[in-house]
Amino acid sequence: MKPELGVCYYPEHWPEVIWAEDAARMVENGLSWVRIGEFAWSRMELTPGDLQFDWLDRAIDTLGAAGLKVVLGTPTATPPRWMLEKYPDMLAVDADGNPRKFGSRRHYCFSHQGYIEECARITQIMGKRYGRNPHIAAWQIDNEYGCHDTTISYSPVALAAFQNWLEDQYGSIDALNTAWGNVFWSMEYDGFDQIDLPNLTVTEPNPAHVLAFRRFSSDQVVMFNKAQVDVLRKLTDAPLLHNYMGRVLEFDHFKVGADLDIATWDSYPIGFLSDRLEVEEAHKAAFLQQGDPDMQAFHHDLYRAVGRGRWWVMEQQPGPVNWAPYNPAPLQGMVRLWSLEAVAHGAEVVSYFRWRQAPFAQEQMHAGLLTPDNRPAPALAEARETADTLAQIGSVTQRKADVAILFDYASDWAWATQPQGAGFDYFRLVFSTYRALRRAGLSVDFLSPDSIPADGYKIILAPGLATIDKDLERSISNGCDLAILGPRSGAITRDFQIPQTGRPGLVGLDSHVDLIETLPPTSKRDVSGGGAACHWVERLSGTATALLTHADGTPALTGTGSMWYLANFPNDTLWDRVVRMAAQHTGLSVYPMLSGLRRRETGEHTFLINYNAAPVTWNGHVIDACDALVLEKGAPAEG
Ligand code: GAL
């Protein structure tokens, strides 16, 4: 596969006379894809039924005539103002009961049937008009589901849909009362119509109620997306995709992804470091203008799994964004480095957001490839250089990694519902696992609980996997030489009860959790021989061998030959020990990396990616600051 570059473009923001020049300039700068349309509903349909597609016809023709392949977005993330006259109750409602009003975007509740029908209608109109247009090479459905906290809505239409969903799931109210443990605090219901949404309660609601609502909310996103997929499948053969966001976990991306052909995501490395990672200030300072060295790769690998191997970066940060608390510029070279890193992880396309900086509205401080007055912004030259580098690299194919992490969205919902300690967070735990593997120079795959290949991996890690039934335990065991579960794995049933078989309740390992402690950030529990537990510590009993112990003698890691259980949330030093032990146990080579340097193996190459602001030397290779060194497979000391 030969990776390509693209850009996000808004023809409706610019005079038509400059479209052709824009298109020619995109091509000159090495771009071959352009995404359009995803927010343009108010220009496609001025008032209900007043359809105006001539401008879009001409925009597509102009871009296509220049040789660009077009990704056409359905505009359903931005319902026009008139839609609210028709459906005043379509707005989402926040946990405090306030409507999330018109005036920005994503102002809809996923459960509103009238709005879903409107989305299907506009999609049908677009599909009929452009489904066979030779310039339309892919379709994007909506834009960034869940962004701006929009998955969960406490609206009246969500309530009605939730009650139906519960009836479907549980069949009878007695079954629901038992499953949720509603005898506690006299929370028993007599009928599904009495069940409210789990907000505005006096103190915390039943976690089973919350988790059910979280599952329901995720299913609503799947249903919403599917309504447009069903329309487009009949009208086009072009691939369908969605652009997901970073660290948005409120809906099951694997389930949305199962209905699409390609997963894409929007990568804003500097924005993410400043606004969505719990890292030390020194780390933030060291990577202020580069982004965290693992955050992008984590999502590349996760979305490769969501797309079943096919994935893109739909929006790549090109310069300062407008939405983080502070918005520094990328260091020279970083836009190219991010793009090459994505390619190393299998991206088919890396597309920059956006072509020209908007001179108006919310994002006027957000950089593009061009300045608002049409001069090149710094990223334009880097896009061009990236295109040249890609031409030199040629084909990039993915190779299956030796190590995989099981990623389960429902575990995030469960642990967000009842964290027990403020430091315990599913993403944080999985990200710390991923970082440890990357510090060991390993390439990593992600797996969903439903797609574990038999006999595929040397090691599968399933940190924090909330619910493990016998089938899942079996497929994890069959999928690898060594499974590492815990902490907090197999800890609850689907209905948020402690399993009668105990925690983690594994057939293959006699270890039982007798007590759980959570720790404040100022506290840790040392592990003999190095490293420590932070946030979360379990006290285990049972006959399984202790492979590591806490300083007080309680097991920190227990195991048999093919299954280990980790009894705490390890700090970095402890994770590094566990990864080394697991690699040794399974005969896997590790490549200890320097801080800020990462390694990724593809079919043909090894990429060494340097996020540092200074050159580094590793295994005899010098990797320049903010640069990627691409080694041919079999080159001396490829590492
Ligand atoms: C993304 C979004 C884009 C744009 C961008 C700014 O979340 O999809 O439309 O708003 O952020 O960084």
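The values are calculated or read from the model by the stated rules, or taken from the named source; none is laboratory data. None of these values were measured; they are calculated from a predicted model. Ideal geometry is used to build each Cβ from the backbone, glycine not excepted, and the neighbour counts take in all protein chains shown. Calculation scope for accessible area: heavy atoms of the full protein, side chains included, ligands and nucleic acids excluded. Shrake-Rupley method; radii C 1.70, N 1.55, O 1.52, S 1.80 Å.
Any idea what diffusion coefficient the stretch 225-369 gets from Stokes-Einstein, in µm²/s, Kirkwood Rh on alpha carbon pairs, 4 °C, 1.567 mPa s?
On the way: Rh = 16.0 Å.
It comes out at roughly 81 µm²/s.
Straight Cα distances below 26 angstrom link Lys284 to the lysines Lys524, with same-chain residues fewer than 8 positions distant left out.
The mean sequence distance of close C-alpha pairs (under 8 Å, at least 6 residues apart), as a share of the length of the stretch 403-586, puts its relative contact order at 21 percent.
Return the carbon/sulfur percentage of the accessible area of the chain, one whole number, probe 1.4 Å, all protein chains in place. The partial results should precede the final answer.
Working: 12240 of 23750 Å².
Ligands and nucleic acids excluded, carbon and sulfur give 52 percent.
Take every DSSP beta bridge whose two residues both sit in the chain; close to 45 percent of them are antiparallel.
Over all other residues within a Cβ to Cβ distance under 9 Å of Leu273, the charged ones net out to 0, with Lys and Arg as +1 and Asp and Glu as -1. Within the stretch 267-359, the chymotrypsin sites (Phe, Trp or Tyr not before Pro) that combine a DSSP coil assignment with at most 14 other C-beta atoms in a 10 angstrom radius are Trp323, Tyr326. Hydrodynamic radius of the stretch 121-246 by the Kirkwood approach over all distinct alpha-carbon pairs: 17.1 Å. Between Ala383, Met126, Gly508, the Cα set farthest toward the positive side of the dipole of the chain (charges on each charged residue's Cβ, about the Cα centre) is that of Ala383.
For the pair Lys2 and Gln418, the difference between a 0.36 nm per residue extended length and the Cα-Cα distance amounts to 145.2 nm. Our estimate of slack between Ser541 and Glu167, defined as 0.36 nm per intervening residue step minus the Cα-Cα distance, is 130.7 nm. For the stretch 403-586, the antiparallel share of DSSP beta bridges with both residues in that region comes to about 55%. Karplus-derived 3J(HN,Hα) values for the stretch 87-95, using 6.51 cos²θ - 1.76 cosθ + 1.60 with θ = phi - 60°, are 10, x, 9, 8, 6, 6, 10, 7, 5 Hz; glycine and proline are entered as x. The Cβ shell under 15 Å around Ala20 holds other residues with a net charge of -3, Lys and Arg each +1, Asp and Glu each -1.
Take the Cα atoms of the chain, build their convex hull, and give its volume per residue in Å³. Don't jump to the answer; show the numbers that get you there.
Working: hull volume 98.0 nm³, N = 639.
For the chain, the hull spanned by Cα atoms encloses 153 Å³ per residue.
A compact globular protein would have a Cα radius of gyration near 2.2 N^0.38 Å; the ratio found for the stretch 403-586 is 0.92.
Going through the cross-link list Lys226/Lys400; Lys400/Lys470; Lys226/Lys255; Lys69/Lys234, which pairs have a Cα-Cα distance over 19 Å in this structure? Correct reply: Lys226/Lys400; Lys400/Lys470; Lys69/Lys234. Taking every protein chain into account, the accessible area of the chain amounts to 37 square angstrom per residue (probe 1.4 Å).
Helices in the chain, meaning DSSP H runs of at least 4 residues, each add -39500 (n - 2.57). Divided by all residues, the mean residue ellipticity at 222 nm is -10000 deg cm²/dmol. Put simply, the amide H of Glu45, placed in the peptide plane, has neighbours under 5 Å in Gln52, leaving out anything fewer than 5 places away on its chain. Quote the charge dipole size of the stretch 406-455 about the Cα centre in Debye, to the nearest 20; the model charges only the Cβ of Lys and Arg (+1) and of Asp and Glu (-1). Here the size comes out at about 360 debye.
Applying a DSSP loop filter and a limit of 15 other Cβ atoms within 10 Å to the GluC sites (Glu not before Pro) in the stretch 214-308 leaves Glu278, Glu280.
Can you tell me the FRET efficiency between Leu515 and Asn199 if r is taken as the Cβ-Cβ distance and R0 is 30 Å, rounded to the nearest 0.05?
Working: r = 32 Å, r/R0 = 1.07.
Calculated value: 0.40.
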